[in-house]
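Heads up, the thing below is written out as structure tokens.
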Amino acid sequence: MAGEVMANGTKEKWDPALSRLLNSLQKANELPSSEEELVFLSDLLKSKELHALVNVHNKIISNGSSDKFFPMLSTSMHVMFDVLEVLAGKTHISEECKELFHLLQKPHVQGVLCAHDAVAQKDYYPHLPEIPLEVDEDEETIKIVQLVKSNEPLTGAQSAEPIVGATIKTDETSGKIVIARVMHGGAADRSGLIHVGDEVVEVNNINVEGKTPNDVLSILQNSEGTITFKLVPTDGKTNLRESKVRVRAHFNYNATTDPYIPCKEAGLDFVKGDVLHIVSQDDAYWWQARKEGDRNMRAGLIPSRALQERRIIHERTQMMKEGNEVPGLCSVSALPVLSCSQFPKSPRCASKPKTKKIMYETAENDDFDREQIPTYEEVAKLYPRPGIYRPLVLIGAPGIGRNELRRRLIDTDPDKYKTPIPYTSRPIKPGEINGKEYYFVSREKMDEDIAAGNFMEYGEYKGNLYGTSCDSVKNLVSNGYVCIINPHYQALKMLRTPQLKPYIIYIRPPPLDILRDTRIAVHARSTFDVNNSRGFSEEEFNDMIRSSARIEFLYEHLFDEQIMNADLAIAFSQLLSAANRLETEPLWVPASWVQ
Ligand SMILES: Nc1ncnc2c1ncn2[C@@H]1O[C@H](COP(=O)(O)OP(=O)(O)OP(=O)(O)O)[C@@H](O)[C@H]1O
């Protein structure tokens, strides 16, 4: 049956190698295999699917060796991402830019490019495990590694001298000097020859048996140029493959002031809000990371999530034991009347006098909002989607200027920026139109919807309920508007969902004197006054600062951006750029939103 077999009744040209295998299998009765195994193998070799796969494979191989087809490049995926970055800020230039930008994000286009790269890189050969060499058990393998001395760390537990991008320690059981950690991207890692657990036998021909890590460090310190290590490789090879995890840091970190870091020179400093690429989580306490976008190849040490959580809990317990106030957790009495928030007006009724409503009756007890201890949040990039805009959410202390900023943004383009129309159980007045300034509904219906959790915020004023529903935000988004809202900060918990993907901007107060001066200069009206008939009092300015401190403590980890509202024109221009950025740039969001 040379080269031909019957498959499903059709006579097809069969791959000769497959046919030979099948032939030899039929002659293999003497093999010590069960009937069942032989039938299975024979069926597999005859199957159409395998035949098709082998054909595709053969075609790729034969085309790959022909001069007619050769790849122009083997990293088209990288090029595509570069093009996307460039296009992201330029989609407004022309329709073609916009179309290309959206086309390149389509999964099938990306799939084709990915397959192209795999073929170009000849990444279709099966990866078989290496065949173990016969090793004489008594013979110890030694490897000799030469590295050029640089300013990268190789340190012991105590002192530190930057040398090759690895740390050493004394192994607790054997007492030998071993490699404790290899920094991603450092010289040791790049050499591919030094692994965690390798035993250091000699450094520059000096035997290190019985020496301490510090002794080894002084040998290194005194050597110039090339350093030669004689190492006994560890049995279990550690996998130094880079992870792809990106996180946003919710705390500041400074390695030089951290008494516990095993090697200060290897530490990576960062501040709140930085996005970090976590390249290794092999160590339960010390992760290795690079700052996103940082071209520095070597990774640095940062505390792991578990370690940082422990530290924060420890710090808080200490503070409480010492009778100190933990910021934001014990200061309820110091707050301004949190339950007082001006009810969100529709922009169309901006000229009406403001009304004070009681919102969030539970607001004074928001100490439990900080359910988890914010350390790192896993993030991923979200590309702007045509016609679907993330809602803009302005958060801040009462009176800080959120209504003013929202109103100004809507005024720039009322057909684009919209704020949801609130609901009320108040009876409709003559001249009012349902759905214009309010949706008028019965008290029973509103009670029901509040109980069902359909309102992101609500409150009662003079016996009537007022509230903004989550659905009205969703409707604006799905109708292609940029929804802008300035809810009470407690609404963040309901709003920050993968469905709504809000962009949260915190409106921060300037220092007290500037807050006071800027407001007095323009005779700003106090939002704490029911009639809006007077300026802010000194106590109210103080309340704004106190309330802001509390909001920051409780919710800072949820803010995408902060704008200080000192000079109104500057604050507004920052808001406008944020709104434009949202439409054009890929931005970091919780990783779960893009999965
Ligand atoms: N940067 C600023 N400089 C001067 N006045 C300002 C500034 N920002 C806001 N104001 C004024 O302060 C007053 C209160 O602002 P606004 O009504 O926007 O506060 P709010 O944050 O919406 O308050 P609330 O949440 O209590 O409703 C308004 O008269 C507004 O014009």
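Quarter the surface of the alpha carbon convex hull of region 366-492 and you get the mean projected area, 10.7 square nanometres.
The HN-Hα couplings worked out from phi for region 464-477 by the Karplus form 6.51 cos²θ - 1.76 cosθ + 1.60 (θ = phi - 60°) are 10, 8, 9, x, 10, 8, 5, 4, 5, 5, 4, 5, 4, 5 Hz, whole numbers, x standing for Gly and Pro. Volume per residue of the convex hull around the Cα atoms, evaluated for region 490-572, comes out as 117 Å³. Annotation: the residues MET319, MET183, sorted from fewest to most other C-beta atoms within 10 Å of their own C-beta, follow the order MET319, MET183. Calculated on the Cα set of region 171-294, radius of gyration then Dmax: 16.3, 47 Å. For region 386-440, the Kirkwood estimate of the hydrodynamic radius, built from every pair of different alpha carbons, is 13.6 Å. Spacing of the modelled spin labels on LYS493 and TYR461, each 7 Å from Cα toward Cβ, amounts to 2.4 nm. Placing +1 on each Lys and Arg Cβ and -1 on each Asp and Glu Cβ, with no other charges, gives region 177-266 a dipole about its Cα centre of roughly 560 debye. At q = 0.12, 0.17, 0.22, 0.23 Å⁻¹, what log₁₀ I(q)/I(0) does region 441-509 have when each alpha carbon counts as one equal point scatterer in the Debye sum? Values returned for q = 0.12, 0.17, 0.22, 0.23 Å⁻¹ are -0.36, -0.69, -1.03, -1.09. Here THR468, THR167, THR584, THR257 are placed in order of increasing Cβ neighbour count within 10 Å, fewest first, which gives THR257, THR584, THR468, THR167. Legend: residue pairs LYS106/LYS474; LYS59/LYS381; LYS106/LYS493; LYS106/LYS501, Cα-Cα distance threshold 27 Å; pairs beyond threshold, LYS59/LYS381; LYS106/LYS493. Divided by 2.2 N^0.38 Å, where N counts the residues, the Cα radius of gyration of region 514-556 comes to 1.27.
Assuming a ≥ b ≥ c are the square roots of the Cα gyration tensor eigenvalues, decide whether region 473-529 counts as rounded (a/c under 1.5), prolate (otherwise, with a/b larger than b/c) or oblate. The shape class here is prolate.
FYI, it's all coordinate maths here, none of it is from the lab. Please read these numbers as outputs of a predicted model, since none were measured by experiment. Reconstructed Cβ throughout: ideal geometry from the backbone, glycine too, with neighbour counts over all protein chains shown.
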